[in-house]
Amino acid sequence: MTENTAGDRAAAEDLRSRIAAELDAGRARSVGLTLEALDEAELVAQHSPLMSPLAWDLAHVGNYEEQWLLRAAAGGEALRPDIDVLYDAFENPRAQRVNLPLLRPREAEDYNARVRARVLDSLEHAALDSDHPLVGSGLVYHLVIQHEHQHDETMLATHQLRRGAPALEDPPAPPAPPAF
């Protein structure tokens, strides 16, 4: 093993660690804005026709992660191909998402946890130091992380639009910029 190869491997391991930490930080924020903030009735309600039910956002980020990190990047099989159409933002306008047979909030939590476990397993073997268009330099992982952050902002906007007492006394802190 040459010194350069050892350095490349160390850099790839460092990138894996940072990606895993960013994935976990984003999910903790999403859970803080949903499951830890509101009851099921509030999570499945549509608080504005401009916004999705919060439960839709929560399952959508998991489905997006499955499609891109498990299927496209890792070549894995779908965990729940039956829900792809439900969480397709282009096929389902926000005002109509409340009428879909969505996963219940705890079902979404379970689904997201199963997706994340498989993502972290596949990340261990991802060729981050390759010239693969999705996996090289962790590109697709960064895109999925940013996607979840975008939905966290959407969830915050939904909190602003909902009626009743504020659910977020101390909203989760915005994520620090990644050091990629």
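Restricting the first member to the range 22-51 and to residues that are more than 12 Å from Glu109 (Cβ to Cβ), and the second to residues that are assigned to a loop (DSSP other than H, G, I, E, B) and of a type in the set (Gly, Ala, Ser), the beta-carbon pairs closer than 6 Å and six or more apart or on different chains are Ala37/Ala167; Leu38/Ala167. Can you tell me which residue in the range 71-105 is least open to solvent (accessible area, probe 1.4 Å), limited to those that are among the charged types (D, E, K, R), assigned to a helix (DSSP H, G or I) and farther than 12 Å from Trp56 by Cα? Once the filter is applied, the top-ranked residue is Arg71. Might you let me know whether the range 35-49 holds any residue that is under 22 Å from Ala127 (Cβ atoms) and open to solvent by less than 40 Å² (accessible area, probe 1.4 Å)? The answer is no; no qualifying residue exists.
Selection of the range 139-155 for residues being within 18 Å of His60 (Cβ to Cβ) and open to solvent by less than 40 Å² (accessible area, probe 1.4 Å) yields Val140, Tyr141, Val144, Ile145, His147, Glu148, His149, His151, Asp152, Thr154, Met155. Number of residues in the range 115-138 that are closer than 26 Å to Ile83 by Cα and loosely packed, with under 14 Cβ neighbours inside 10 Å equals 2.
If only one of Ala41, Ala11 is of a type in the set (Gly, Ala, Ser), closer than 23 Å to Gly138 by Cα and part of a helix (DSSP H, G or I), which one is it? Show your work before the answer.
Values: Ala41 fails: closer than 23 Å to Gly138 by Cα.
Step by step, each of Ala41, Ala11 is checked, and only Ala11 is of a type in the set (Gly, Ala, Ser), closer than 23 Å to Gly138 by Cα and part of a helix (DSSP H, G or I).
The values are calculated or read from the model by the stated rules, or taken from the named source; none is laboratory data. Remember, predicted model here, so these are calculated numbers, not experimental data. Positions of Cβ are backbone-derived with ideal geometry, glycine not excepted, and every protein chain shown enters the neighbour counts. Note: accessible area is taken over every heavy atom of the protein model, side chains too, but ligands, DNA and RNA are not part of it. Shrake-Rupley method; radii C 1.70, N 1.55, O 1.52, S 1.80 Å.
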